Each structure stands twice: as structure tokens, then as C-alpha cells.
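The values are calculated or read from the model by the stated rules, or taken from the named source; none is laboratory data. Keep in mind that this is a model prediction, so the values were computed, not measured. Cβ sites come from the backbone with ideal geometry, for glycine too, and all protein chains shown count toward neighbours.
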Protein chains: 2
Amino acid sequence: MSRWEPDAAARLERAALELFAEQGFAATTVPQITARAGLTTRTFFRHFVDKREVLFVAERELPAYVASVTAAAPDGLTPMQLVMHGLASATATRFDPWREQLVARRAVIRSDDGLRERELLKGQVLSAAVEQGLRARGVPDATAALLAPVAVAVFDASLDRWLDGDPRPLAEIVAATGRELQAAVAA
Amino acid sequence: MSRWEPDAAARLERAALELFAEQGFAATTVPQITARAGLTTRTFFRHFVDKREVLFVAERELPAYVASVTAAAPDGLTPMQLVMHGLASATATRFDPWREQLVARRAVIRSDDGLRERELLKGQVLSAAVEQGLRARGVPDATAALLAPVAVAVFDASLDRWLDGDPRPLAEIVAATGRELQAAVAA
């Protein structure tokens, strides 16, 4: 094992998802995960607080990422166009290579009440980040507070469709789901 | 103390909210709550599992209530009209007498991370109830899944405005917030 493990977090994540799928989240221990990944528990705890955090590591970057995507949007967009632009940028390339792992992750989360609750918090973090990003672009507070959960609803529904087997790229599903929501809300 | 306490739950709720506001949620014990209410701890545990449940008692009836309101809506409404009709019925008279207690409740919940997480679960329960109610009225699954979080967003934003001091009746705020959301999403 080399002294530096640049892909250690990714290897640990893959090993953890395999074990969660094979034997359940509750029955899986950190030493089992590190043995499967060929790494030490010390390396594990340099990257994660506990085995649960392996499932939520992507969330750490979420607020900064949403902020940068919203800040980079062109001028002259309406608040809803800002939301859809942000979702399009965020899903353009970032998720597509991870589909299989995200399917496995979703199955693990659905299997455990505590993980489902933790996943709700993630939605809240995303919503707060979108709200903050919209405000930073001059969207009035009241509008930002209403559109942030709409953005999360579009994202969650799109991700579910994609993980359920919709063959289109995620960004295309997001655009279509956004149009569907607009039509349903307007009607 | 009479053997039967028909308003025991309401008295316990009032006493608990007072004590949470005075000395904090964490520092308040069940015996303190029952002493303030002039009731026994045995009575407390006939109504609530623990002191936290006092803050979430209204949620127990939520799914059945949303289902009945959606089922009672007139024929010929679009899915979004069904959502707004349900919100209007649910907020017509039910909340107005409880404003002061709901302001106190919100302050307690905001003071504690665990309570904030629990409150998120409540939003999820409401969303699932709305989704189920829409499906029962023949709304396609995909549309119901998109509109349910929209309903929760309108309800949450309206409740916050009302508790922040908006002097209009809650149902009027809900109708205005729904129109605002429609305008923002359409733009």
C-alpha cells in the first residue's frame, strides 16, 4: 500500500457500497470496508467520520458548488430560468459516470429509516444552497424561498427517473421534468 | 383532579410550550410539564411517548386529514387546483386560533438541531399525504410526485409569513403565496 492514496476515498466508497448491498448497512463494519478496499481503518477515518458518511460525502461540496453554478449563470435570466440553468449545469456531466453506484446508494438508503432521515437533511442543505444562490443573484427573499424547494423537487424527481432506468442523459431528464412542473403548476 | 381529563392533551401541550420557552427544550422534564399542567406523569404518557412528541401531536392526524380534504374536492379541477383547494380547506379555520402557540412552537423547534430534523420529517409526511391524495383523485403518479413538494413549499412559506406577523387570515396568505409561486415558476 502506498503512503499516499489519492483515490482512497473513492475506493472506500466503492467497497462500502458493495458490502452494504451484499450484507446490509447495519451488519457492515468499518474494518470490513477497509479490508475490502485494501486500506487501513486509519485511512478510513482520515476521510469519513463513520460508515454513514460514506453515503453522504458528495453533499459536502454541494453548497459551494450550487453557489458557483448560480454565480456563473448569464445575466438577464428570470429566477426560474436561473434555477433551471443551475440544474442544467449541475447535471451536465457530473452524475452520468456514477449511475450504477447511485442506484446502489439509493437502495441502501431506502433500506434504513435513519439513512432516509439523513437523506431528507441533504435535500434541506440543497434547498438552502439554492435559496442562498438565488438571493446572491438579486432574487427577492420571498421568491427565492418559494423556488428553492421547487428546484429540489425537480432534481429529486429527475434523479429518481434516471435511476429507475430512463435512458436519457440526466440533464435532458431535468429539462423535461422542469417543463412538466411548469405545465402542472400553471394549469 | 377528575378521573377523565378530556382536555388533558391540550393542557399538557400548553404547559410544555410555556416551559420550553421559559427554560429551553433540553432543560425541561416531563415531571415539570405535568406539575405545570396539574396532571400526573401517567396521564402524560397516555397521550405522548416523550416530551418531543408534544410538539408533533398535530402531525398524527395529518395524512387522514389531507386524504379527506382531497377526496372532498369538487370534480373537474386540475391537479394544481386540487392542491390549492386542499390547502385552502386545510387552512380555512383550523390554524387561526393557534397562532400564539404556533409562534412559540416554531421558536422551540428552531432552537434545537434534533427538533429541526424532526420537523423536516413532518414535511415529508405531509408531502407523502398530498401525493397519495392526488393519486386517489386520478392524478398521474409523475405529476403527483412533482406537485406534492410544491404544496408543502406553499404551505411552509405561508405559515412562516403568518407566524412572522402577516395580519391576513392564513387561508388568504396561502392563496396569495400559491399565486406568487405560479407566477415565479411560469416566468
*A:Val30 vs. criteria over 30 Å from A:Ala145 (Cβ atoms), aliphatic (A, V, I, L, M) and out of contact with any strand residue (DSSP E or B) (no Cβ under 7 Å at 6 or more places or on another chain)*: yes
*Go through region A:22-31 and count every residue that is closer than 15 Å to A:Val108 by Cβ and crowded, with 16+ Cβ neighbours inside 10 Å.*
2
*Just give me the residues in region B:178-187 being more than 7 Å from every other protein chain (Cβ to nearest Cβ) and either surrounded by 16 or more Cβ atoms within 10 Å (Cβ to Cβ) or more than 27 Å from A:Thr177 (Cβ to Cβ) (or both), in sequence order.*
B:Gly178
*asked:* Can you confirm whether B:Ser111 is of a type outside the set (Val, Ile, Thr), more than 9 Å from chain A (Cβ to nearest Cβ) and crowded, with 17+ Cβ neighbours inside 10 Å?
replied: no
*Being surrounded by 18 or more Cβ atoms within 10 Å (Cβ to Cβ), touching a residue at least 40 places away in the same chain (Cβ under 8 Å) and more than 17 Å from B:Ala88 (Cβ to Cβ) is the filter here, so list the residues in region B:131-176 that pass it.*
B:Val139, B:Thr143, B:Ala144, B:Leu163
*Starting from region A:58-81, take each residue that is within 26 Å of A:Leu121 (Cβ to Cβ) and list its partners that are in a helix (DSSP H, G or I) and among the polar types (S, T, N, Q), counting only C-beta distances under 7 angstrom and pairs at least six apart or across chains.*
A:Ala67/A:Gln132; A:Val69/A:Ser89; A:Pro79/A:Thr143
*Limited to region A:16-67, what total is found for residues that are in a helix (DSSP H, G or I) and among the small types (Gly, Ala, Ser)?*
7
*Determine which single condition A:Trp98 fails, assuming it passes every other condition in (1) modelled with pLDDT under 90; (2) facing chain B (nearest Cβ under 10 Å).*
(2)
*Have a look at A:Arg105, A:Arg99 and point out the one that is surrounded by fewer than 19 Cβ atoms within 10 Å (Cβ to Cβ) and within 16 Å of the chain's Cα centre (by Cα).*
A:Arg99
*Inside region B:68-187, counting only helices (runs of 4 or more DSSP H) that do not spill past its ends, which hold 3 or more residues that are among the charged types (D, E, K, R)?*
B:99-110, B:113-136, B:141-163, B:170-186
*If you check A:Leu147, A:Leu134, A:Leu82, A:Leu115, which single one turns out to be modelled with pLDDT of 90 or more, in contact with a Lys or Arg (Cβ under 9 Å, 6 or more places away or on another chain) and closer than 30 Å to B:Ala176 by Cα?*
A:Leu82
*Counting just the residues of region B:120-130 that are touching a residue at least 24 places away in the same chain (Cβ under 8 Å) and within 11 Å of chain A (Cβ to nearest Cβ), which one comes out nearest to A:Trp162 (Cα to Cα)?*
B:Ser127
